[in-house]
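A.B. asks: Dumping the structure here so I can ask a few things about it.
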Amino acid sequence: MALTQRDIEAGFAQVRAERELQKQLDAVRDPGFWRTLNPELTISDFPLAARRERIAPAPAAIDQCRAQLLADGYLHAPPIVPSDQTARLAAGVERIVAHGLPPALAAVYDEYYSVFTGMEPIFEPLLGPDYIMVTQGVAAFYVPAGADGRSLWSASAPHRDRMGPDARTLTRDVPSILTLWVPLTDVTTEHSCIYVVPASADPGFYSSDMAVGERFRYQDIRALPAAAGSVLSWSSHLIHWGSSSSRFVTTPRMAVTMYFQRRDVPLWHPFVLDPSRPCSFEERLTWIDHGMARPGLLGGVKVEGA
């Protein structure tokens, strides 16, 4: 497909955003800057220490999550993250963006990681006990009204995730690793919601070829509007993307992501958050710049095998 004028303009906008980040690197590398920018958020050595109380899903909802994941390659759990927690982190993301910085930098804060605590009732039946939080690809997304989905740091084009192919998915079993996507704001079909091609409609889903291709019908594409604090999760084989946003919406779309993997398989990536050991500010910077495909930019720490 030939480049359009809008593609070119989006490319220049990305260059400007990256230059602004470069100008602020000294501040970005200083935890004091982040504590001042969002004083209601925290940066500690143990981001999972303050586990949040969760809304327990009904047993029928948990059963449906498993059935949906096996049939369609994704699940959609009802809101389980308390609204005060999503609102606090969303406010932090807005301040980061207003400061001219990428929303992914929200992952410096403890509250980013605590969003993903307390989800055992949903994910232990799928991944087994003591599943692992894999921090490769940590990202927060901010899609303003009218955004056309061309920016590298907002909505993503159709893709399958990096952690694949997954041997368990190839045998039509519950995947060994799952992507989690938690909206911090209510997301309608006009707010750049997630769109997917269900496994049942994707001839390439159970293949080791992770290319997207164009072998699915447009009629099979499924929109997934989601309430703040709900959980979307999917196999790395699922084709998915974020759409453009209507200029008539009055709020941005914000969301955060994480991987969960089974403990009884080899690590998919050396970036993990182990609740039993300290997690430094510099380690978080390393996770973030790798997630932004800019390894080393933020001056974090070297992780063996990354």
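A.B. asks: Which is within 20 Å of residue 288 (Cα to Cα) and among the small types (Gly, Ala, Ser), of 32, 73, 11?
C.D. replies: Only one candidate passes the filter, namely 32.
A.B. asks: If a residue has to be at pLDDT 85 or above and surrounded by 13 or more Cβ atoms within 10 Å (Cβ to Cβ) to count, how many in segment 6-29 make the cut?
C.D. replies: Within segment 6-29, residues that are at pLDDT 85 or above and surrounded by 13 or more Cβ atoms within 10 Å (Cβ to Cβ) number 6.
A.B. asks: Are any residues in segment 245-266 assigned to a loop (DSSP other than H, G, I, E, B) and either of a type in the set (S, T, N, Q) or exposed (fewer than 14 other Cβ atoms within 10 Å of the Cβ) (or both), and if so, which ones?
C.D. replies: Answer for segment 245-266, where residues must be assigned to a loop (DSSP other than H, G, I, E, B) and either of a type in the set (S, T, N, Q) or exposed (fewer than 14 other Cβ atoms within 10 Å of the Cβ) (or both): 246, 247, 248, 250, 251, 263, 264, 266.
A.B. asks: Here's a check for you: in segment 27-48, which residue that is aliphatic (A, V, I, L, M) and touching a residue at least 24 places away in the same chain (Cβ under 8 Å) is farthest from residue 273 (Cα to Cα)?
C.D. replies: The selected residue is 37.
A.B. asks: Taking interchain pairs and intrachain pairs at least six residues apart, which have beta carbon atoms under 8 angstrom, with the first residue in segment 100-112 and among the aromatic types (Phe, Trp, Tyr) and the second part of a helix (DSSP H, G or I)?
C.D. replies: Every condition considered, the pairs that remain are 109/34; 109/89; 109/92; 112/89; 112/106.
A.B. asks: Determine which single condition residue 82 fails, assuming it passes every other condition in (1) of a type outside the set (Val, Ile, Thr); (2) at pLDDT 95 or above; (3) within 22 Å of residue 48 (Cβ to Cβ).
C.D. replies: It is condition (2) that residue 82 fails.
A.B. asks: Here is a check on your reading of the model: is residue 234 closer than 22 Å to residue 148 by Cα, within 14 Å of the chain's Cα centre (by Cα) and in a strand (DSSP E or B)?
C.D. replies: no
A.B. asks: Mind listing whichever residues of segment 60-77 are among the aliphatic types (A, V, I, L, M) and under 16 Å from residue 226 (Cα atoms)?
C.D. replies: 61, 75, 77
A.B. asks: Specify the residue that is nearest to residue 134 (Cα to Cα); the eligible residues are those in segment 275-292 that are surrounded by fewer than 20 Cβ atoms within 10 Å (Cβ to Cβ) and touching a residue at least 24 places away in the same chain (Cβ under 8 Å).
C.D. replies: Result: 275.
A.B. asks: All but one of (1) surrounded by fewer than 14 Cβ atoms within 10 Å (Cβ to Cβ); (2) part of a helix (DSSP H, G or I); (3) modelled with pLDDT under 90 hold for residue 53; which doesn't?
C.D. replies: (2) is the only condition that residue 53 fails.
A.B. asks: Still on this structure, please answer the following. Any residue at all in segment 208-222 that is of a type in the set (Ser, Thr, Tyr), more than 20 Å from residue 144 (Cα to Cα) and exposed (fewer than 15 other Cβ atoms within 10 Å of the Cβ)?
C.D. replies: yes
The values are calculated or read from the model by the stated rules, or taken from the named source; none is laboratory data. Quick caveat, the model's predicted, so the values are computed rather than measured. All Cβ positions, even for glycine, are placed from backbone atoms using ideal geometry, and neighbour counts span all protein chains on display.
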